[in-house]
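Read through the structure below, which is laid out as structure tokens, and then see the notes.
Values quoted throughout were computed directly from the atomic coordinates according to the rules given, and no laboratory measurement underlies them. All values derive from a computational prediction rather than experimental measurement. All Cβ positions, glycine included, derive from the backbone under ideal geometry; neighbour counts span all protein chains shown.
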Amino acid sequence: MTELADIELIKRLKYKYLRCLDCKKWEALAVCFSEDAVTSYASGAYRFKGRENIISFLKEALPKTLITMHQGLQPEIELSEDGAAKGTWAFQDYLIDTNSNISLRGYGFYDDEYIKVDGEWQIQSTGYTRVFEESWNRADTPSATVTENMFAPRVNNS
């Protein structure tokens, strides 16, 4: 039963990571990582070591003008004898850049490593490789309009 409980806790950790990323909840996201975590985003194009460096990069790379949706799917989680774990996640993401009016959609796989710190699972290493990525100018579709944006409250014109 402990194995299933640990797997569920790791799933919840990844879901929290994805939610905090999209909602730009940087403090809550930071606790998902171990102090000495490493990342390798975009097939290794963006590598960082240490929780503070990772969060600094994400804050800069994902400003409030960039609306994102990340979904983690089909987790394959393996626990090891030493109390660590590895996980592979399919993911899809969708981004809207409200400054440049560009959208991006992609799909790929995260490869993660997890460790338990003071009884809590944390991400020790995370990174992804894309299967595909596509982007387009939203001006090519004049009817494409963002009607809700949690980072730009709606103005009441009445």
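A few points about this structure:
- The chain - charge dipole about Cα centre, Lys and Arg +1 at Cβ, Asp and Glu -1, debye rounded to 20: 720
- Span from the region 106-158 Cα centroid across to the region 6-58 one, whole angstrom: 13
- Using alpha-carbon coordinates, inclination of helix 51-61 to the longest axis of the chain, degrees: 20
- Using only the C-alpha atoms, the convex hull of the chain corresponds to 140 Å³ per residue.
- Between the residues THR147, LEU66, LEU9, the greatest Cα displacement towards the positive end of the dipole of the chain, with unit charges on the Cβ of Lys, Arg, Asp and Glu, is found for THR147.
- When the Gaussian network model of the chain links Cα atoms closer than 10 Å, the mean-square fluctuations of PHE132, PHE57, PHE33 top out at PHE132.
- Integer Hz, Karplus 6.51/-1.76/1.60 couplings in order for region 101-108, x for Gly and Pro: 6, 10, 10, 9, 9, x, 8, x
- Taking the chain as a Gaussian network of alpha-carbon nodes connected by springs under 10 Å, the highest mean-square fluctuation of the residues ALA61, ALA85, ALA144 belongs to ALA144.
- Of LYS16/LYS64; LYS24/LYS86; LYS59/LYS86; LYS64/LYS86; LYS14/LYS49; LYS16/LYS49, those spanning more than 22 Å from alpha-carbon to alpha-carbon: LYS24/LYS86; LYS59/LYS86; LYS64/LYS86
- Each Lys or Arg adds one and each Asp or Glu subtracts one; over the other residues with Cβ under 13 Å from the Cβ of PHE33, this totals -3.
- Max mean-square fluctuation residue, GNM over the chain, Cα-Cα springs under 10 Å, options VAL146, VAL38, VAL131: VAL146
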